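Asks: The structure is given below, and queries will be raised subsequently.
The values are calculated or read from the model by the stated rules, or taken from the named source; none is laboratory data. Because the structure is a prediction, the values reported are computed rather than measured. Please note: Cβ atoms are built from the backbone with ideal geometry, for glycine as well, and neighbour counts cover all protein chains shown.
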Amino acid sequence: MPEVIRPDGRIEEADWTLVRYPASNDPKPKATGKAGLARNTGEAAAPPELVAALPVPPSGRVIVPLALWQARREELQRRFDAGEVGVWLDACEEVETLVAAVDLAAVPLLALDFPKAGDGRAYSSAALLRRRYGYRGPLWAVGDVLRDYFVFMFRCGFDTLLPRPGRYTHAQLAEAASQLGLFKQPYQGAVDDPRPLFRRVQRAPLHA
């Protein structure tokens with residue numbers, strides 16, 4: 001079973017199944033402009049025929065692509081209401097599209113995809129969900145979730161990290177998780193604590 005990492009360093013077996021599109025060599029849609037301020041091209045994350053044919057496990061808790069949820073909502077609504085269907089957002093899709101399609105107060109879980117190392121759009125999406133839209137439920141990072149960036153992902157609002165299956169051994173994850181507490185006082189404010197260091201730590205005044 002895939003393993004997930006929690007902010008306190010716990011490593012657990014994933015209790016949700018991530019439903020992904022089949023591997024493809026087709027180019028992915030890209031956003032235009034600067035990272036964090038980019039607007040999407042309007043291309044679909046997956047063609048309709050692929051969304052319609054994508055198999056979803058008939059039981060258990062599943063995280064489905066946003067496009068699949070939009071196209072097959074009637075099929076999945078009962079399981080959604082029972083807390084068994086979460087939704088994940090492709091990096092080429094905008095948070096506004098997700099918010100319009102999913103009741104944030106009712107969705108059991110949201111996930112954001114990191115399609116490859118160096119693609120940081122999901123950081124901005126996580127911050128938007130937490131800060132602008134007030135989402136307080138589970139928020140997973142999935143895809144190319146690299147251990148060098150675990151701390152930054154948690155700071156941006158993720159509460160669970162799911163690396164690609166086979167990317168790390170359990171020992172490698174345990175080593176990475178053991179180092180999450182090394183940076184106890186970051187300088188900048190972030191989603192986990194908006195206060196910068198000088199607002200969080202009181203220092204004794206300097207005397208001549």
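Asks: I need a count of the residues in region 88-119 that are over 16 Å from Leu66 (Cα atoms) and touching a helix residue (DSSP H, G or I) at 6+ places or on another chain (Cβ under 9 Å).
Replies: Qualifying residue count for the region: 1.
Asks: Among the residues of region 99-125, count how many are over 23 Å from Phe152 (Cα atoms) and either crowded, with 20+ Cβ neighbours inside 10 Å or among the aromatic types (Phe, Trp, Tyr) (or both). Please lay out each step first, then the result.
Replies: Going through region 99-125, the residues over 23 Å from Phe152 (Cα atoms) turn out to be 99-108.
Now drop any that are not either crowded, with 20+ Cβ neighbours inside 10 Å or among the aromatic types (Phe, Trp, Tyr) (or both), which leaves 102.
Counting residues in region 99-125 that are over 23 Å from Phe152 (Cα atoms) and either crowded, with 20+ Cβ neighbours inside 10 Å or among the aromatic types (Phe, Trp, Tyr) (or both) gives 1.
Asks: Looking only at region 67-95, count every residue that is in a helix (DSSP H, G or I) and crowded, with 22+ Cβ neighbours inside 10 Å and tell me the total. Working first, answer last.
Replies: Taking region 67-95 first, the residues in a helix (DSSP H, G or I) are 67-71, 73-81, 95.
Now narrow it down to the ones that are crowded, with 22+ Cβ neighbours inside 10 Å: 67-69.
Of the residues in that region, 3 qualify.
Asks: Additional query: What are the pairs with Cβ atoms under 9 angstrom where one residue, in region 96-115, is assigned to a helix (DSSP H, G or I) and the other, located anywhere, is among the β-branched types (Val, Ile, Thr) and at pLDDT 95 or above? Sequence gap at least six, or different chains.
Replies: Partner pairs satisfying both residue conditions: Leu98/Val87; Ala101/Val87.
Asks: Another question, then. Please count how many residues of region 160-179 are part of a loop (DSSP other than H, G, I, E, B) and either hydroxyl-bearing (Ser, Thr, Tyr) or buried (at least 20 other Cβ atoms within 10 Å of the Cβ) (or both).
Replies: The number of residues fulfilling the criteria is 2.
Asks: Continuing with this model, one more query. Are there any pairs with C-beta distances below 7 angstrom linking a residue in region 153-173 that is among the small types (Gly, Ala, Ser) to a residue that is surrounded by fewer than 21 Cβ atoms within 10 Å (Cβ to Cβ) and part of a helix (DSSP H, G or I), with the two at least 6 apart or on different chains, and if so which?
Replies: What qualifies is Gly157/Ala127; Gly157/Arg130.
Asks: If I ask for residues that are within 14 Å of Ala91 (Cβ to Cβ), at pLDDT below 95 and either among the hydroxyl-bearing types (Ser, Thr, Tyr) or surrounded by 10 or more Cβ atoms within 10 Å (Cβ to Cβ) (or both), which ones from region 33-66 would you list?
Replies: Selection gives Ala35, Gly36, Ala38, Asn40, Thr41, Glu43, Ala44, Ala45, Ala46.
Asks: So how many residues does region 74-95 have that are more than 20 Å from Trp16 (Cβ to Cβ) and either among the β-branched types (Val, Ile, Thr) or in contact (Cβ under 8 Å) with a residue 60 or more places away in the chain (or both)?
Replies: Residues meeting the conditions: 2.
Asks: Just to be sure before I move on: is Glu12 within 26 Å of Ser124 (Cβ to Cβ) and either within 18 Å of the chain's Cα centre (by Cα) or modelled with pLDDT under 95 (or both) in the structure I sent?
Replies: In short, no.
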